[in-house]
Amino acid sequence: MWISTGAIVAFTAAVFFSTKAIFVKLTYIHGADAISALALRMIMALPFLLVIAWYSTRGGARPLTRADWKAVFLLGFVGYYLSSLLDFLGLQYITASLERLILFLYPTIVALISWAFLKKPIGMKGVVALVLSYIGIAISFVRDLQHTGDTTAVLIGGGFIFACTITYAIYIVGSGEMVGRIGALRFAAYATSVAALCCLVQFALTRPLSAIVLPWQVYGYSLAMAVIATVLPVVMTAKAIQMIGAPKVAIIAAVGPVATIVLAWWFLGEPIGWEQMVGAALVMSGVLLISVKPKPKPVAVPAD
């Protein structure tokens, strides 16, 4: 069976995104905390992001207005900086597998925000998708509780990650117009650069410089996180959307939670149980149901 290049790019991007929680957990094993790990990730990602931002403006790109810059800073702060901070804090308490499943719920939060504030109906299909997704998360929570035996930690970590999912959903809702105005790759590079600067300011205000002195493994995992789990998937996802369209990329991205579960088992020793797989299947089914739109019916053109 022939597989398009765009599908391969989208699949690779989804797997690369899925490595982020693994690298974060590995930095924690070697002594980093959430603030230090996040700062190192952004320090190492920022030069690449600036190059991408410069590259995306070649060829006479439209200059940004003051309103554009305000939107970039606001969405970069909420959607990338705040989401990343909540995500890294949550990963101190729960498994990488559960973190990825909760994050994968963001299309359901987007649907709820659109229904509550933009008056967009969810419909019966959306209701079914929400029920499936959150039953799957409940099953996955039970699995994490069995694995860790610490109810408080799972609830705290799950709360941080769910808050991260909400802030990222707000970013998705708010970024639609900006992507249309300045382009997906350019906007992602600018917004992520804003988040990187916010992370560095936070580190400078809350940690002594000595906090960045960590074992060499932390620097290696942070570099891998910056390149493999941040820069490359951002670029590859934008390219895949250009090649095969957003709906197909969304379908292929469903491999993400499964990839994280397998990687967490391989690198972190997190067990794989039937509850986890059932929960993942329900979450992915619900998210795909609410994300993938039906192909519009062709409109008949009257004959002359």
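The values are calculated or read from the model by the stated rules, or taken from the named source; none is laboratory data. Just so we're clear, the structure is a prediction, and the values are computed from it rather than from any experiment. For neighbour counting, all protein chains shown are included, and Cβ atoms are generated from backbone atoms with ideal geometry for every residue, glycine included. For the accessible areas, the whole protein counts, side chains as well, though only heavy atoms, and no ligand, DNA or RNA atoms are used. Shrake-Rupley method; radii C 1.70, N 1.55, O 1.52, S 1.80 Å.
With respect to the conditions (1) open to solvent by less than 20 Å² (accessible area, probe 1.4 Å); (2) over 20 Å from the mean Cα position of the chain (by Cα); (3) of a type outside the set (A, V, I, L, M), T152 lacks only one, and its number is (1).
Taking segment 183-192 as the range and being buried (at least 21 other Cβ atoms within 10 Å of the Cβ) and over 15 Å from S84 (Cβ atoms) as the test, the residues that pass are R186, F187, A189, Y190.
From the list T12, T57, T27, pick out the single residue that is open to solvent by 20 Å² or more (accessible area, probe 1.4 Å), over 28 Å from I251 (Cα atoms) and β-branched (V, I, T).
Numbers: T12 fails: over 28 Å from I251 (Cα atoms); T27 fails: open to solvent by 20 Å² or more (accessible area, probe 1.4 Å).
Residue meeting the stated conditions: T57.
Look at (1) within 21 Å of C199 (Cβ to Cβ); (2) among the aliphatic types (A, V, I, L, M); (3) without any contact (Cβ under 8 Å) to a residue 40 or more places away in the chain and you find that L85 fails only one, number (3). Pick from segment 222-277 the residues that are farther than 12 Å from T19 by Cβ, at pLDDT 90 or above and open to solvent by 60 Å² or more (accessible area, probe 1.4 Å): which of them is farthest from the chain's Cα centre (by Cα)? Checked segment 222-277; the qualifying residue farthest from the chain's Cα centre (by Cα) is W265. Check A169, A163, A129 and return the single one that is touching a Leu at 6+ places or on another chain (Cβ under 7 Å), farther than 23 Å from A37 by Cβ, open to solvent by less than 40 Å² (accessible area, probe 1.4 Å) and of a type outside the set (S, T, N, Q). One residue alone meets the criteria, A129.
Annotation note: of I22, I94, the sole residue that is at pLDDT 95 or above, in contact with a Ser or Thr (Cβ under 8 Å, 6 or more places away or on another chain) and at negative phi is I22.
Can you tell me which residue in segment 60-70 is surrounded by the fewest Cβ atoms within 10 Å (Cβ to Cβ), limited to those that are free of Cβ contacts under 8 Å to residues at least 60 places away in the same chain and outside any helix (DSSP H, G or I)? In this case the residue turns out to be G60. The listed residues are A14, A53, and the only one of them that is touching a residue at least 40 places away in the same chain (Cβ under 8 Å), of a type in the set (A, V, I, L, M, F, W, C) and under 26 Å from P257 (Cα atoms) turns out to be A14.
Please determine, by comparing only the residues of segment 73-84 that are in contact with a helix residue (DSSP H, G or I) (Cβ under 7 Å, 6 or more places away or on another chain) and surrounded by fewer than 21 Cβ atoms within 10 Å (Cβ to Cβ), which one is farthest from A191 (Cα to Cα). Result: L82. Going by what's in this entry, would A34 be described as buried (at least 16 other Cβ atoms within 10 Å of the Cβ) and in contact (Cβ under 8 Å) with a residue 40 or more places away in the chain? Judged against the criteria, A34 is a match. Counting only helices (runs of 4 or more DSSP H) that sit wholly inside segment 78-168, those with at least 1 residues that are within 24 Å of F267 (Cα to Cα) are 83-90, 96-103, 123-148.
May I ask you to say which residue of L200, L185, L205 is among the aliphatic types (A, V, I, L, M), in a helix (DSSP H, G or I), free of Cβ contacts under 8 Å to residues at least 12 places away in the same chain and under 29 Å from W69 (Cα atoms)? Only one candidate qualifies: L205. Looking at I102, I109, just one residue is surrounded by fewer than 24 Cβ atoms within 10 Å (Cβ to Cβ), within 30 Å of V201 (Cβ to Cβ), at pLDDT below 95 and hydrophobic (A, V, I, L, M, F, W, C), and that residue is I109.
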